[in-house]
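Asker: Would you mind keeping the following structure in view while I ask a few things?
The values are calculated or read from the model by the stated rules, or taken from the named source; none is laboratory data. A quick note: this is a predicted structure, and the numbers were derived from the prediction, not measured. Neighbour counts run over all protein chains shown; Cβ positions are idealised from the backbone, glycine included. Areas reflect the complete protein model, heavy atoms only, side chains present, ligands, DNA and RNA absent. Shrake-Rupley method; radii C 1.70, N 1.55, O 1.52, S 1.80 Å.
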Amino acid sequence: MTRVAIVYHSGYGHTAKVAEAVAKGLMEVSDTLVDMVPIDAEGNLPEQAWDALAVADGIIFGSPTYMSGPSWQFKKFADGSSAPWVAQQWKDKLFAGFTNSASMNGDKLSTLDYMFHLSQQHGGIWVGMGMLPSNTKAATRNDVNYIAGVSGLMTVSPADASVEEAPLPGELETARLFGQRIAQLACRWGR
């Protein structure tokens with residue numbers, strides 16, 4: 001069995017919705033177990049969550065993008081990962097990341113870059129999107145990878161959109177496909 005943990009913070013529920021879509025894709029790949037590891041409003045994880053991250057073959061980071069970077073709660077988790085770093089506990093694991101913000105761009109790449117560098121601090125292997133963008137004149141907002149993420153998954157939830165309204169179905173489908181990709185690579189990597 002391959003284990004993948006999704007460790008994420010969600011301020012308003014939109015990022016949690018994306019995490020669920022990624023998890024759905026992960027679970028569609030046989031022999032894949034998924035551990036959902038939400039970061040609470042104070043930036044903390046329960047102790048058993050650190051154990052789930054220690055035994056995972058892959059770790060997926062998720063955070064909203066606030067003010068051109070991850071939420072402070074996610075950063076607190078990242079700073080708290082120094083104990084696994086010292087022990088080299090996450091070395092050679094697969095890593096990936098996703099982020100959500102109210103704007104189409106919203107400096108989401110800064111958040112993904114933060115996650116990438118965190119994975120590299122831990123000696124991990126980063127997994128990008130591995131899918132072409134929907135960038136033709138005929139493309140619509142509900143097409144897969146319309147936002148054109150390459151290094152990680154990007155989704156949009158307008159500032160006045162409820163969790164029921166956003167992210168859009170095409171973005172959630174992109175998240176599901178991204179989860180499948182990560183699970184497939186984690187299974188190959190774990191052999």
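Asker: Please tell me if Val55 is of a type in the set (A, V, I, L, M, F, W, C) and either open to solvent by less than 80 Å² (accessible area, probe 1.4 Å) or at pLDDT below 95 (or both). So that I can check it myself, show each step before the final result.
Answerer: Details: of a type in the set (A, V, I, L, M, F, W, C): yes; either open to solvent by less than 80 Å² (accessible area, probe 1.4 Å) or at pLDDT below 95 (or both): no.
No; evaluated as a whole, the condition is false for this residue.
Asker: Please go through (1) closer than 20 Å to Phe61 by Cβ; (2) more than 13 Å from the chain's Cα centre (by Cα); (3) in a helix (DSSP H, G or I) for Arg188 and return the number of the only condition it doesn't satisfy.
Answerer: The number of the failed condition is (1).
Asker: Also: Is it true that some residue in the range 86-106 is open to solvent by less than 40 Å² (accessible area, probe 1.4 Å) and part of a helix (DSSP H, G or I)? It would help to see each step written out before you state the result.
Answerer: Taking the range 86-106 and keeping what is open to solvent by less than 40 Å² (accessible area, probe 1.4 Å), we get 90, 93-101, 106.
Among the residues that remain, those that are also part of a helix (DSSP H, G or I) are: none.
No; the residues of the range 86-106 include none that is open to solvent by less than 40 Å² (accessible area, probe 1.4 Å) and part of a helix (DSSP H, G or I).
Asker: Give the number of residues within the range 15-51 that are open to solvent by less than 20 Å² (accessible area, probe 1.4 Å), in a helix (DSSP H, G or I) and farther than 20 Å from Glu171 by Cβ.
Answerer: Residues that pass the stated criteria total 1.
Asker: Which one is most open to solvent (accessible area, probe 1.4 Å), of the residues in the range 164-191 that are at pLDDT below 95 and in contact with a Leu (Cβ under 6 Å, 6 or more places away or on another chain)?
Answerer: Residues of the range 164-191 at pLDDT below 95: 186-191.
Retained after the next criterion (residues that are in contact with a Leu (Cβ under 6 Å, 6 or more places away or on another chain)): 186, 189.
Numbers: Ala186: 2, Trp189: 131 Å².
Across the range 164-191, the extreme among qualifying residues is Trp189.
Asker: Across the range 107-120, which residue is nearest to Ala166 (Cα to Cα) among those that are in a helix (DSSP H, G or I) and open to solvent by 60 Å² or more (accessible area, probe 1.4 Å)? Step through it out loud before you land on a result.
Answerer: Restricting attention to the range 107-120, the residues satisfying the condition of being in a helix (DSSP H, G or I) are 108-120.
If we keep only those that are open to solvent by 60 Å² or more (accessible area, probe 1.4 Å) as well, we get 109, 113-114, 116-117, 120.
Numbers: Leu109: 20, Asp113: 24, Tyr114: 24, Phe116: 25, His117: 28, Gln120: 31 Å.
Of everything passing the filter in the range 107-120, Leu109 is nearest to Ala166 (Cα to Cα).
Asker: If you scan the range 121-141, which residues turn out to be in contact (Cβ under 8 Å) with a residue 40 or more places away in the chain and assigned to a loop (DSSP other than H, G, I, E, B)?
Answerer: To start, the set of residues in the range 121-141 that are in contact (Cβ under 8 Å) with a residue 40 or more places away in the chain comprises 122, 124-125, 127, 129-131.
Listed by number, the residues that qualify are His122, Gly124, Val127, Met129, Gly130, Met131.
Asker: State the number of residues belonging to the range 142-168 that are touching a residue at least 40 places away in the same chain (Cβ under 8 Å), among the β-branched types (Val, Ile, Thr) and not in a strand (DSSP E or B).
Answerer: Count: 2.
Asker: Same structure, new question: Between a first residue in the range 55-74 that is in contact (Cβ under 8 Å) with a residue 24 or more places away in the chain and farther than 16 Å from Val18 by Cα and a second residue that is among the β-branched types (Val, Ile, Thr) and outside any helix (DSSP H, G or I), which pairs have beta carbons less than 8 Å apart while being 6 or more apart in sequence or on different chains?
Answerer: Ala56/Val4; Asp57/Thr2; Asp57/Val4; Gly58/Thr2; Gly58/Val4; Gly58/Val127; Gln73/Ile39
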